[in-house]
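Here the structure is laid out as structure tokens; the discussion comes afterwards.
Coordinate-derived values only; no laboratory data. Predicted model only: the values in this text are computed from it and were never measured. Because the Cβ atoms are built from the backbone with ideal geometry, glycine has one as well, and the counts that use them run over all protein chains shown.
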């Protein structure tokens, strides 16, 4: 057993506290290059009725990294010049042209401009490593490690199991190899959208009783930090050029609506409302294809 893996096992119980602290930071402060074929990523296969199910296990932070997830903000909308499907520079704490444009729209105070800003809002996704326990639609995936991109609905389930609502429930670190729990992912179509409300975590148990197996799984993980490295994002100027082309090189902001005493609003005020559905974010892959074909 390698020294670093031994350390992971020793810190198994204490990892829940550190992850809980990170979740708290997210609450206080507040789609990745997965479009197109990328064999590192796993997606749930659904039937024609949009129903599907699988069992996966969230994995701990990859070797040398501190967290078992990363956040990715992106924009996906259509304008007169085509589709804009890009990751947002706000993911890495930088100014992003679409967020700035949306701020200007919102600050006009016009309902019509606010509605445009809403349609162009950021979409929040999380990315983690998972181990596929059961995938009835694609049995070849079972026993393999993939990246998994998911939305706020599933992340809230992760948060809930780490922060139980009732005192008689035991907190579980779902990313732990020994004391974590498998996640039973269930999808169905509700009101025209894909819904994951029936998904749930199983009883906490080790992924395997064999540490050699667990070490192999852990070492098979993909880097998460490299997904949000600065060199993975287009420059501000490139994004601005693309945005201008999509919007038809003209601003829809009514200049007469600006007032000297209107203070800029934080991006998070309007740009990160609760997602209407998980399918809303998943549809970006379809939009990306349209943009590439245009």
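Numerical summary
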quantity	calculated
In nm, spacing of pseudo-spin labels at residue 213 and residue 114 (7 Å Cα→C-beta vector)	5.5
Rg/Rg_globular for the range 52-145, with Rg_globular taken as 2.2 N^0.38 Å and Rg from C-alpha atoms	1.51
Likely footprinting exposure, 231, 17, fewest C-beta neighbours within 10 Å first	231, 17
Cα gyration tensor shape for the range 162-256, rounded if a/c is under 1.5, else prolate or oblate	prolate
Convex hull of Cα atoms in the range 76-207, direction-averaged projection (nm²)	12.2
D (Stokes-Einstein, µm²/s), Kirkwood Cα radius, the range 199-247, 1.567 mPa s at 4 °C	85
At R0 = 22 Å, FRET efficiency that the Cβ-Cβ distance of residue 225 and residue 4 yields, to 0.05	0.85
Mean shadow area of the range 35-87 over all directions, Cα convex hull, nm²	6.4
